[in-house]
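The values are calculated or read from the model by the stated rules, or taken from the named source; none is laboratory data. For clarity, every value in this text was computed on a predicted model and none was experimentally measured. Note that we place each Cβ from the backbone using ideal geometry, even for glycine, and neighbour counts take in every protein chain shown. Protein only, heavy atoms only, side chains kept; ligands, DNA and RNA dropped before computing areas. Shrake-Rupley method; radii C 1.70, N 1.55, O 1.52, S 1.80 Å.
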Amino acid sequence: MKAGLDKVVDVARRAGIPQSVEMVAAPSVSLGAASPHVIDLASAYATFASQGVYAKPFIINEVQGPNKGILYQGRVQAQEVFSKDVMADLTYALSRTTQSGTAAVVGARVARPTAGKTGTSNDNASAWFNGFTPEVAASVAFYRDDATQSLNGVGGLTSVTGGSFPAKIGRAHV
């Protein structure tokens with residue numbers, strides 16, 4: 001709150017959270033009160049992985065015609081949105097989560113530098129892992145159809161947290 005909640009929203013937007021995701025500059029915004037799509041968070045963490053270069057995500061990279069001619073090719077649209085120094089500090093802070101924090105299962109089994117963040121919502125209605133290596137960013141989310149029902153009991157766990165299934169799945173992709 002001392003840094004300014006409007007700055008929290010600005011950083012999220014520059015990292016890749018689109019304007020279509022409502023973000024209110026209130027204390028809860030720092031805790032993840034907004035509801036971005038999984039691809040939005042993967043995009044934001046890819047910005048971190050690329051040392052501050054945001055690249056607009058696209059799903060289809062290429063469409064080939066019947067004779068192997070390229071009918072469509074996605075175009076990377078990128079720009080630097082954070083300095084490398086700021087990203088080095090952020091990466092260091094987030095690497096603590098995968099080394100000895102709630103996502104230690106990631107750092108313990110991946111042979112390259114990792115960083116990330118776990119999250120679990122109120123009443124165990126959702127659980128997330130967002131992480132990256134220098135080459136790859138991944139976001140994994142667990143929630144039921146309407147994202148309000150509890151995940152308690154899923155997979156035999158009393159509660160599903162970001163450090164459980166989401167981090168284990170994320171580990172396989174970073």
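For Met1 and Ile60, what is the calculated FRET efficiency with R₀ set at 35 Å and r taken between the beta-carbons, to the nearest 0.05?
Rounded to the nearest 0.05, the efficiency is 0.25.
Can you work out the Karplus-derived ³J(HN,Hα) for every residue in the range 127-137? Use 6.51 cos²θ - 1.76 cosθ + 1.60 with θ = phi - 60°, whole Hz, and x for glycine or proline.
Once rounded to whole Hz, the list reads 9, 10, 9, 10, x, 7, 10, x, 9, 9, 10.
Hey, any idea what % of the range 19-161's accessible area is carbon plus sulfur with a 1.4 Å probe?
Whole-percent figure for carbon plus sulfur exposure: 53.
Fully extended, how many nm does the chain gain between Gln73 and Val86 (0.36 nm per residue separation, minus their Cα-Cα distance)?
1.4 nm
Just to make sure I understand: if all protein chains stay in place, what is the order of Met87, Met23, Met1 by accessible area at 1.4 Å, largest first?
Met1, Met23, Met87
Where does the chain land at 222 nm, in deg cm²/dmol rounded to the nearest 500, when only DSSP H runs of n ≥ 4 count, each adding -39500 (n - 2.57), divided by all residues?
-8500 deg cm²/dmol
Report the charge-dipole magnitude of the chain in Debye, nearest 20, computed about the Cα centre from +1 at each Lys and Arg Cβ and -1 at each Asp and Glu Cβ.
Here the size comes out at about 440 debye.
Per residue of the range 139-148, in order, report the coupling 6.51 cos²θ - 1.76 cosθ + 1.60 (Karplus, θ = phi - 60°) as ³J(HN,Hα) in whole Hz, putting x for Gly and Pro.
10, 10, 10, 10, 6, 7, 3, 9, 6, 10
Expressed as a whole percent, how much of the Cα-Cα distance distribution for the chain exceeds 26 Å?
34
Go through the range 22-32 residue by residue and turn each phi into a ³J(HN,Hα) via Karplus (6.51, -1.76, 1.60, θ = phi - 60°); whole Hz please, and just put x for glycine and proline.
Along the range 22-32, the couplings run 5, 9, 9, 6, 10, x, 5, 5, 5, 8, x Hz.
Starting from the Cα-Cα distance between Ser150 and Gln19, subtract it from 0.36 nm times their residue separation and give me the gain in nm to one decimal.
Extra length from Ser150 to Gln19 when fully extended: 44.3 nm.
Using only protein heavy atoms and a 1.4 Å probe, report how much of Tyr143 is accessible, in Å² to the nearest 10.
Spelled out: Tyr143, probe radius 1.4 Å, area about 120 Å².
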